[in-house]
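Some notes on the structure that comes next.
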Amino acid sequence: MGASAATIRYNDKERIRDLYDRVSPYYHSLWGEHIHHGFWIRGDETKEQAQLQLIEHLAQVAGITSGLRILDVGCGFGATSIYLAQKYNAEATGITISPVQLQMAKRAASAQQVNARFLLMDAQAMHFDQAFDVIWSVESISHYQNLEKFFTSAANLLKPGGTLAIIDWFKKAHLKSAEHKKFIEPIEKGMLVELQTMERYKAALESNQLEVMQTGILNKYCAKSWDLPLDIIKKRSFWALAVKMGPGIVDHLKSFRAMKAGFASGNFVLGLLVAKKP
C-alpha cells in the first residue's frame, strides 16, 4: 500500500459523520429511501425494486422469520428497519452516528406507524440491556476502524442461536500494490472506508466463536447500481453544489466512477456473510 496509505485513515469517524450529515438529504433524492446497492435478478427492475431485493436476498439467506428482535447497524434513513418491521413483524432497532439520518429515520417510521425505533449510537461502542435475535449490517462495517471491537460487541449482543447478517464492501484477496492504488484507494478516499478481504471478516467472526454459515459474492447482481448516479453527477449543478460543500464532497463524487471501475475490474467485492452464535 505504501507508507502514506498506511498512515492515513480515511474512515475517520468525525469525517464520516460530517459527510452523512451533509449529503443525506441529497442522497435521499439520488438513491431513494434505501442507501445501499440494488440486487438485479432479471435486469429490468427499477432501482427501488432492486434495493428491496437486496434486503430480501439477505433476509432469505439469513433465515429471517417473523417476530424477531433485530438490530440494524448503520441504519441510514431507516428504511431497512421499517421494511423488516412491516414484512417480518420484527421488533427493529436502527443505529447511526449521523444526527441528520436519525431524524430522517424517525420521521419515516412515524409516518408509516411501524414498530421500529432509532438511536444515535456508535457501532464500535454498542450498549443495550437486551440481546437480539439478529444483528443486521448492510454496507456499514467498512467504515469502522476497529473491526475486532465491533465483532466482539456484536457477538456479545446476540442471543444464543442468534444470527449476524452482513453485506459489505471488500477488496479482492492478494491484490498487487498497483491494483490497490488504482482501484481501491480512490474508493477508500472518497467513500471514507477501509476495505478488508472477506477472509479477514471470517477470521474476526470465528475468533468471536461465531460460525460462518453462508458467504457469497454479489458483484454480478449489484454492479448496475452505479449506472444511475453516474448519469446524475454529469449535471453541472450537482458539481457546483459539491464545490460549495467542500473538497471532501468532491472526492466523494469522484469515487462514484471508482466504484464502477472497481466492480468492472473485479478488485472491488460486494460480499455477503451470515454467521451464527452457538
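Counted by Cβ distance under 14 Å from P247, the other residues give a net charge of +3, where Lys and Arg count +1 and Asp and Glu count -1. For G32, neighbours were defined as the other residues whose beta-carbon sits under 14 Å from its Cβ, and their charges (Lys and Arg +1, Asp and Glu -1) total -2. Among the listed pairs K149/K260; K172/K254; K87/K277; K181/K260; K47/K277, those with a Cα-Cα distance over 27 Å are K149/K260; K47/K277. Bridges between two residues of the chain, per DSSP, are antiparallel at a rate of about 45%. On the principal axes of its alpha-carbon atoms, region 1-87 has extents of 47, 32, 28 Å, going from largest to smallest. Residues H127, H252, ranked from the fewest to the most other C-beta atoms within 10 Å, line up as H127, H252.
Taking the square roots of 5 times each eigenvalue of the Cα gyration tensor of the chain, largest first, gives ellipsoid semi-axes of 27, 23, 19 Å. In region 139-183, the alpha-carbon atoms span a convex hull of 103 Å³ per residue. Report note on the peptides 196-202, 72-78: ranked by the mean count of other C-beta atoms within 10 Å, highest first, their order is 72-78, 196-202.
Sort 20-32, 163-175 for me by packing, meaning the mean count of neighbouring Cβ atoms within 10 Å per residue, highest on top.
163-175, 20-32
The numbers here are math on the coordinates, done by the rules we state, and not lab data. Just so you know, these numbers come straight off a predicted model, no measurement behind them. Using ideal geometry, Cβ is built from the backbone for each residue, glycine included, and neighbour counts are taken over all protein chains shown.
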